[in-house]
1. All but one of (1) of a type in the set (V, I, T); (2) under 25 Å from I164 (Cβ atoms); (3) surrounded by 14 or more Cβ atoms within 10 Å (Cβ to Cβ) hold for I74, so report the exception by its number.
2. Among the residues of region 155-190, which ones are crowded, with 17+ Cβ neighbours inside 10 Å and not in a strand (DSSP E or B)?
3. Report yes if some residue within region 170-181 is under 15 Å from the mean Cα position of the chain (by Cα) and touching a residue at least 60 places away in the same chain (Cβ under 8 Å); otherwise report no.
4. Could you list, in sequence order, all residues of region 87-120 that are in contact (Cβ under 8 Å) with a residue 12 or more places away in the chain and within 14 Å of G47 (Cβ to Cβ)?
5. Somewhere in region 105-113, is a residue among the polar types (S, T, N, Q) and surrounded by 13 or more Cβ atoms within 10 Å (Cβ to Cβ)?
6. Does G90 qualify as being surrounded by fewer than 16 Cβ atoms within 10 Å (Cβ to Cβ), modelled with pLDDT under 95 and in the same structural domain as L192 (by TED's automatic domain parsing)?
Amino acid sequence: MIMYFKIAKYFLFLSILFTSCDKIITLPVEANEQKIVIEANITDQPGPYLVKLTKSVGISEANVYPFIDNALVIIADNLGNKDTLINTNGGIYKTRSLLGIYGRTYFLEVKVNGNTYTAQSTMPNKVNLDNLRVNTFPINGETRYNIIPVYQDPIALGNSYRFIQKINDTIDNNYNIFNDNLNNGKINQRPLNNRNEDLTVKLNDSVAVEMQCISPSAYTYFYTLTQQSGAGPGGGTVPSNPPNNITGGALGLFSTHTTQTKAIKILGN
């Protein structure tokens, strides 16, 4: 009995302690380390090609990214062609004479403030975008539309694609990233995602779709972004820096890809 009262007294003390102590504890948040952000693209279309250099900002800061205008940017290919880019303004650097040709490997070098960042990427072979097909489906008594890009995936496994959709004059920010793990060598039947209720494909809309054949590193980068943006299973994952192909600790991506665009107008039956 004495032991029972001792235990009861102990738990009574704990309950008083936790119910009477309501002090709010604020955990310290460390400032983000500022990093260089490299956005570099080479396509199979005529140049010039652009490299954009900015700096990341902290969590509590406004999304205004400082430009970097004092860098040395060089791009070379595996045939020995080398191009020192022109510094224009707003952190934009342009190629002078480089040619983007699928099958070639390109090497990026960025030097700024005593640091060097490098990346390499091979431009995949081009897969032709044959057509755009309109897919209709009912939702709550309303007819909805989405677009199916029609293309023949090659027999060789390992092709990756990115699609950028423009509805009328507005870019759809959904990430549409495909590969051929499940439909290798087949004609594509997958529609483009359109999860933004404020930007849906409607009757009489004009829709343009850009198809990019992208490298494995670009696929991993953009696929990670789809998981973080809420497009992945369970509504997305905790945001983090997606893996990229740039050494030296920079954020961003060096992408070498083919590009082609087709447009369609949504008409009624």
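1. (2)
2. Here is the first cut: in region 155-190, the ones crowded, with 17+ Cβ neighbours inside 10 Å are 159-165, 167, 172, 174-180, 188.
Listed by number, the residues that qualify are N159, D172, N174, Y175, D180, N188.
3. Checking region 170-181: not a single residue is under 15 Å from the mean Cα position of the chain (by Cα) and touching a residue at least 60 places away in the same chain (Cβ under 8 Å).
4. The first filter runs over region 87-120 and keeps only residues in contact (Cβ under 8 Å) with a residue 12 or more places away in the chain, leaving 87, 89-113, 115-120.
Correct list: I92, Y93, K94, T95, R96, S97, L98, L99, G100, I101, R104, Y106.
5. Restricting attention to region 105-113, the residues satisfying the condition of being among the polar types (S, T, N, Q) are 105, 113.
Then keep just the ones that are surrounded by 13 or more Cβ atoms within 10 Å (Cβ to Cβ); that gives 105.
So far as region 105-113 goes, yes, one or more of its residues are among the polar types (S, T, N, Q) and surrounded by 13 or more Cβ atoms within 10 Å (Cβ to Cβ).
6. On the way: surrounded by fewer than 16 Cβ atoms within 10 Å (Cβ to Cβ): yes; modelled with pLDDT under 95: yes; in the same structural domain as L192 (by TED's automatic domain parsing): no.
For G90, the condition - surrounded by fewer than 16 Cβ atoms within 10 Å (Cβ to Cβ), modelled with pLDDT under 95 and in the same structural domain as L192 (by TED's automatic domain parsing) - is not met.
The values are calculated or read from the model by the stated rules, or taken from the named source; none is laboratory data. All values derive from a computational prediction rather than experimental measurement. Glycine also receives a Cβ, built like all others from the backbone with ideal geometry; neighbour counts cover every protein chain displayed.
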